[in-house]
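Derivation of every value follows stated rules applied to the coordinates shown; laboratory data play no part. All of these numbers come straight from a predicted model, not from anything done at the bench. Counting neighbours? That spans all protein chains shown, and the Cβs are built from the backbone with ideal geometry, glycine included.
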Amino acid sequence: MKIRFKYIDKIPPAFRNRYLLTVLIFLLWIVLLDSNNLVARFKDMKELKKLKSDRDYYIKKIEADRQKLHELGTDDQNLEKFAREQYRMKKADEDLFIILTPSEDRKLTRRNN
């Protein structure tokens, strides 16, 4: 029995307290070991925030595309303008000169490579 008490005396008095030891074990369990621990919770909250911002971006993009689709479906001039700008289509008797800004040129070279 003396050996057991010998080692207990080397433990700091704060860690000999049962209640403090129980609280420390509980906190360790909650922070690291549980399946719904705080580390996983913060990762999930970060991912949720990113997904919400992505959702807002795509909602705005869908609304802009709906408006563009409506414009293309209602007027032939808008359809021709869209085809000329996006697909660089031209009439048989005209020449097409494309002038790009440096930023547009970089975008095109990245897309082609």
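General observations
- Take every Cα pair under 8 Å whose residues are at least 6 apart in sequence, average their separation, divide by the length of the chain, and the relative contact order is 6 percent.
- For the chain, leaving out every one of the trypsin sites (Lys or Arg not before Pro) that falls in a DSSP loop and has at most 12 other Cβ atoms within 10 Å, the longest unbroken run is 1-87.
- Dipole check for region 1-102: with +1 at the C-beta of Lys and Arg, -1 at the C-beta of Asp and Glu, and the Cα centre as origin, the magnitude is about 1640 Debye.
- Phi to ³J(HN,Hα) by Karplus 6.51 cos²θ - 1.76 cosθ + 1.60 over region 67-73, Hz, x for Gly, Pro: 5, 5, 5, 5, 5, 5, x
- Under the Karplus curve 6.51 cos²θ - 1.76 cosθ + 1.60, θ = phi - 60°, whole-Hz ³J(HN,Hα) for region 40-57, x wherever Gly or Pro sits: 5, 4, 5, 5, 5, 5, 5, 5, 4, 4, 5, 5, 5, 5, 5, 4, 4, 4
- Helix-derived mean residue ellipticity, 222 nm - over the chain, DSSP H n ≥ 4, -39500 (n - 2.57), to 500: -24000 deg cm²/dmol
- Extension gain for residue 57 to residue 35 (0.36 nm times residue separation, less C-alpha to C-alpha distance): 4.7 nm.
- The orientation-averaged projected area of the convex hull spanned by the Cα atoms of the chain comes to 16.7 nm².
- A DSSP coil position with no more than 10 other Cβ atoms inside 10 Å describes the following GluC sites (Glu not before Pro) in region 12-113: 94.
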